[in-house]
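Take a look at the structure set out below.
Read the figures in this text as sums done on the coordinates, not as results from a lab. None of the values given here were measured: they were computed from a predicted structure. Cβ placement follows ideal geometry from the backbone for every residue including glycine, while neighbour counts extend to all protein chains displayed.
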C-alpha cells in the first residue's frame, strides 16, 4: 500500500484487475490454513468415523444420510481445530525439524494468534454442531478427544516415549463418535472398532518415528528412547500391536458383522500389514519404515471399508 501513496490515482480503482501476485497470495493463505488442519490425517478420521456410524446404525431403520453428514462435518471441524491447536503448541519445536520447518506457523506465514483463533473457532463450532445436529454424546466424545490429545499427548511427547500409548487413546475415538452419533449410546462393538484403530497406531507411528528419529531428537521429542533400549522399544511397539490386530479385526464376526468373506479379507490385510511391521522390527532402516508407513495408510481404510461393504445389507 505504501508504494502507491502519492502516486497518480487510477481513474476507477474499484475496477482494477486483480494481479497475479494478489491471486497467488490469496491461494497461499488458503493453502496455509488448509495445511493447519492436517487434511491427510482428517481423511483417516472421516473414514473411521463413517465406519463407526454405518456399523452402529440400527438394523431395519431407514438410513439417515443427513445425520451422517452432520456427524462427519462436526467431527471434521473438531479434528481440524485440534490439529491447528496442536501445531500452535509445537511450532517452536517444529521449527527445529526439517520435516516440519516449512509448516505455516514455524515458517512465519501464519501468526500464532491467528492460528489460535482459527483452531479454537473450528473446535468450538464442531463441538456445538455435533451437540445440536447429532447428539450430546457424540459432541462430548469429540471434545474429550481434543482435550486429551492437546492436554496429555502433546506435552508428553517431550517427556516420555510412552506418549504413543497415551496418544493412541484419543486417536482411537473416531469410530466411537460415529457409533454414538448413530445410536446415541456405546456398546462392545464400538470399542472393538476403537481397538482396531488403537492398535494400528503403534506400527504407523513407529514407522514415522524411525524415519525422522534425528529430527525428533533435534526438537527434543522423546518419541523414541535415547539410550540402548531404542531397538527393543521399537521391536515391541511393532510386534505386539501387529499380532493383536488379528483377533481385533475379526472380532466383528463374533459380534454379527461379517462372515467368511470378512474373515479371509481381514486375514489377508492383517498379514500384509504384519509382514511390513515385522521386517522393520528386525531390520530397521528408513526404506523399510517408509514401506510400513505406506502399508499402514492403506490398511486402515481397507479394513474399515471391508467392514462397511459387508455390513451394507443391514442398513
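For the reader, a short list of remarks on this structure follows.
- Inter-part distance where region 163-182 and region 83-154 are each reduced to a Cα centre, Å: 16
- Computed E for residue 309/residue 61 - FRET, C-beta separation, R0 22 angstrom, nearest 0.05: 0.70
- Relative intensity, log₁₀ I(q)/I(0), of region 29-184 from a Debye sum that treats every alpha carbon as a point, q = 0.08, 0.09, 0.10, 0.11 Å⁻¹: -0.24, -0.30, -0.36, -0.44
- Working note: Cα gyration tensor of region 169-272, eigenvalues times five, square-rooted, sorted largest first, giving semi-axes of 31, 18, 10 Å.
- Packing-based order for 195-202, 40-47, using average beta carbon neighbours within 10 Å, highest first: 195-202, 40-47
- Nearest-ten-degree value, helix 260-282 long axis tilted from longest Cα axis of the chain: 70
- Degrees between helix 188-211 axis and first principal axis of the chain (Cα, 0 to 90, nearest 10): 60
- Model label points for residue 218 and residue 124, set 7 angstrom from Cα along the Cα-to-Cβ axis, are 3.7 nm apart.
- Prolate/oblate/rounded label for region 132-192 (Cα gyration tensor, a/c 1.5): oblate
- Residue 271-residue 287 pseudo-label distance in nm [points 7 Å out on the Cα-to-Cβ vector]: 2.5
- log10 of Debye I(q)/I(0), alpha-carbon scatterers only, for region 215-306 at 0.13, 0.14, 0.20, 0.21 Å⁻¹: -0.52, -0.59, -0.96, -1.02
- Every Cα-Cα pair of region 50-91 was included, and the share exceeding 14 Å stands at 59 percent.
- Taking every alpha-carbon pair under 8 Å whose residues sit at least 6 apart, region 62-174 reaches a relative contact order of 30 percent.
- Relative contact order of region 148-238, pairs being alpha-carbon contacts under 8 Å that are 6 or more residues apart, as %: 33
- Between 0 and 90°, nearest 10: helix 65-94 axis offset from the chain longest Cα axis: 70
- Extended-chain gain in nm, criterion 0.36 nm per residue less alpha-carbon gap, residue 109 and residue 165: 16.9 nm
- Distance in nm between pseudo-label sites at residue 95 and residue 191 (7 Å out along the Cβ direction from Cα): 4.5
- Kirkwood Rh (inverse of mean 1/r, distinct Cα pairs), region 233-282, angstrom: 11.4
- Tail weight of P(r) past 34 Å, computed on alpha-carbon pairs of region 20-314, percent: 22
- The relative contact order of region 20-314, computed from alpha carbon pairs under 8 Å that lie at least 6 residues apart in sequence, is 21 percent.
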